[in-house]
Amino acid sequence: MAVVISTKRLVVALPACPGNFPGGGETAAIATVVNPAFTVNNTHVAVTIDSINHIMNLYTNGVLAASATNVNVDLSLVRDAFSFLGRSQWVDPHLNGSIDDFRLYYGVMTPAQVSASFAAGPDPDRLTITLGPAAGHVTVSWPATLVTAGYSLQSSTSVSPASWVAAGAPSLVGGNYQVDLVAGGAAKFFRLIK
């Protein structure tokens, strides 16, 4: 897959590479850039691939910008030797910019989930640790969004080797999931997992 942004268009190309050779076919979703600020400001780009129905949707800033239906829209046809971010398989110019955040999800995101991902911004699963609510306690929290729904908190006293265990059931408080933990003891590492 290639994602290329220029001053005039955003192109997402899904190459079909039978026999692991490029040029076996390609499906592209192309969104015309109507806002010149698109090329100088942060832009949220999301692509959903529905291999069963052969549909590729391209979203910019949480809104559907382009869609393509073609038998080549099938992730089983993509070979990782020809998958790029910010460049094409061909002689097109490379992305003149940077990629701040890149995520892969299992399954096809709904339009509401894509919109929620845009609204959450980069790093929606960022953990925050604060003292309290009682003496000797800390609270680990993360934003409650459609992206982080279903996540649980795990802890380990080491990351090499890691031995992750459940750190407690999250509760929803305000706009955050949070887990209240007793402070003290050995140092701990935390992660969110779905």
Restricting attention to region 143-187, and to residues there that are surrounded by 16 or more Cβ atoms within 10 Å (Cβ to Cβ) and at pLDDT below 85, which single residue is farthest from ALA116 (Cα to Cα)?
TYR151
Where in region 1-119 are there strands (runs of 3 or more DSSP E), lying fully within it, with 3 or more residues that are modelled with pLDDT of 65 or more and under 30 Å from PRO143 (Cα atoms)?
45-50, 55-60, 63-69
Can you tell me which residue within region 157-187, out of those that are of a type outside the set (A, V, I, L, M), within 25 Å of the chain's Cα centre (by Cα) and assigned to a strand (DSSP E or B), is farthest from ASP101 (Cα to Cα)?
SER171
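The values are calculated or read from the model by the stated rules, or taken from the named source; none is laboratory data. Source: prediction; values computed, not measured. Glycine also receives a Cβ, built like all others from the backbone with ideal geometry; neighbour counts cover every protein chain displayed.
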